[in-house]
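Worksheet: one structure, shown below.
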Amino acid sequence: MTKRLSTIILPLVLGMTMMPLSLIAATNSNPNNPTFAPGGLIAWYFCNNRKRNPIGGWLLFFYWQLYTSSVLSFILILGNIQSYVPENFDDTKLYVLFLISTLPGLLLYALKFAVGTFLYSARTPEMLTLMRRVMITEMIVDIVGAWIDAGFFPDNLPLTILTLIQNSIWLTYFYKSSRVKHVFQAQDWEVAVQTIHPLTLKTAT
């Protein structure tokens, strides 16, 4: 895949799944089809235009997704709070499994929100390490949730798998991104940006 093609496809995939889809599944033991959010494409255009800023490009897109998803997810959960009532389940075992497959993910997402905010403010290697560990734990929880869904809540499985893919992309980004390394570890973005995203001077005609 060429670099140009990847910059077109990845924002499309991430933008259309801006809300962690496992959170949709967490509010309903028999959810409808995923709701896409093409507004993510507009956000990516905005983020890409600020790629020379320390928090710009993909990193800004990550934060846009993190904060926007948190607000929307909170509203969604409040609107479907009855999904967590035991009376909605015929079997106590299913209710317990549902909680195991959903609540840890919700709590970890809240933790990622908090750690991400501290990382944004402090921009230190220590906070970056903590953020990576939270994201790894989130991946493990997603895998466990997918295993439970496969056996007991198959209607939720596609949403959980999409969330796994999304989270794996972001985890890879936080380990491989030059921006992440220069902003949070080396803390020399103002120098590195001259090489990574050099200014393009327009020739007068």
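The values are calculated or read from the model by the stated rules, or taken from the named source; none is laboratory data. Because the structure is predicted, anything quoted here is derived from the model rather than measured. Positions of Cβ are backbone-derived with ideal geometry, glycine not excepted, and every protein chain shown enters the neighbour counts.
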Handout entry: Pair list, Cβ < 8 Å and 6+ apart or interchain, from the range 167-181 residues that are over 19 Å from ASN53 (Cα atoms) to residues that are surrounded by 13 or more Cβ atoms within 10 Å (Cβ to Cβ) and acidic (Asp, Glu)
Key = ASN167/GLU138; ASN167/ASP142
Practice task
Report yes if some residue within the range 140-155 is crowded, with 19+ Cβ neighbours inside 10 Å, of a type outside the set (Ser, Thr, Tyr) and within 18 Å of PHE61 (Cα to Cα); otherwise report no.
Solution key: no
Handout entry: Per-region count, the range 46-84, residues free of Cβ contacts under 8 Å to residues at least 12 places away in the same chain and among the basic types (Lys, Arg)
Key = 1
Fill in the blank from the handout: Among (1) closer than 20 Å to LEU128 by Cβ; (2) assigned to a loop (DSSP other than H, G, I, E, B), CYS47 falls short only on (2)
Handout entry: Residues being under 15 Å from the mean Cα position of the chain (by Cα) and either surrounded by 14 or more Cβ atoms within 10 Å (Cβ to Cβ) or of a type in the set (D, E, K, R) (or both) - total across the range 68-102
Key = 5
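Conditions tested, residue by residue: (1) over 16 Å from the mean Cα position of the chain (by Cα); (2) small (Gly, Ala, Ser); (3) within 22 Å of LEU76 (Cβ to Cβ).
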{"position": "GLU126", "(1), (2), (3)": "yes, no, no"}
{"position": "ARG132", "(1), (2), (3)": "no, no, no"}
{"position": "ASP155", "(1), (2), (3)": "yes, no, yes"}
{"position": "LEU162", "(1), (2), (3)": "no, no, yes"}
{"position": "TRP170", "(1), (2), (3)": "no, no, yes"}
Problem - Where a residue in the range 144-166 is free of Cβ contacts under 8 Å to residues at least 24 places away in the same chain and within 22 Å of ASN88 (Cα to Cα) and its partner, wherever it lies, is of a type in the set (Asp, Glu) and crowded, with 22+ Cβ neighbours inside 10 Å, with Cβ under 8 Å and at least six apart - result: LEU157/ASP149
Exercise for the section: Give the residues of the range 102-121 that are hydroxyl-bearing (Ser, Thr, Tyr) and without any contact (Cβ under 8 Å) to a residue 60 or more places away in the chain, sorted by residue number. Expected result: THR117, SER121
Practice task
Name the one entry in LEU111, LEU164 that is surrounded by 18 or more Cβ atoms within 10 Å (Cβ to Cβ) and either modelled with pLDDT of 95 or more or not polar (S, T, N, Q) (or both).
Solution key: LEU164
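Of all residues in the range 68-112 being among the aromatic types (Phe, Trp, Tyr) and part of a helix (DSSP H, G or I), which is nearest to VAL144 (Cα to Cα)? Even if it seems obvious, please write down each step before you answer.
So in the range 68-112, the residues among the aromatic types (Phe, Trp, Tyr) come out as 74, 84, 89, 95, 98, 109.
Then keep just the ones that are part of a helix (DSSP H, G or I); that gives 74, 84, 95, 98, 109.
Values: PHE74: 23, TYR84: 19, TYR95: 16, PHE98: 12, TYR109: 15 Å.
Restricting to residues being among the aromatic types (Phe, Trp, Tyr) and part of a helix (DSSP H, G or I), the top hit is PHE98.
Any residue at all in the range 192-203 that is surrounded by fewer than 12 Cβ atoms within 10 Å (Cβ to Cβ), of a type in the set (A, V, I, L, M, F, W, C) and modelled with pLDDT under 95?
Of all residues in the range 192-203, those surrounded by fewer than 12 Cβ atoms within 10 Å (Cβ to Cβ) come to 194-195, 198-203.
Subset that is of a type in the set (A, V, I, L, M, F, W, C): 199, 201.
So of that shortlist, the ones also modelled with pLDDT under 95 come out as 199, 201.
Yes, the range 192-203 has at least one match.
Have a look at LEU159, LEU119 and point out the one that is closer than 25 Å to GLN187 by Cβ and part of a helix (DSSP H, G or I). Lay out the reasoning, then the answer.
Working: LEU159 fails: closer than 25 Å to GLN187 by Cβ.
Just one listed residue meets the conditions, LEU119.
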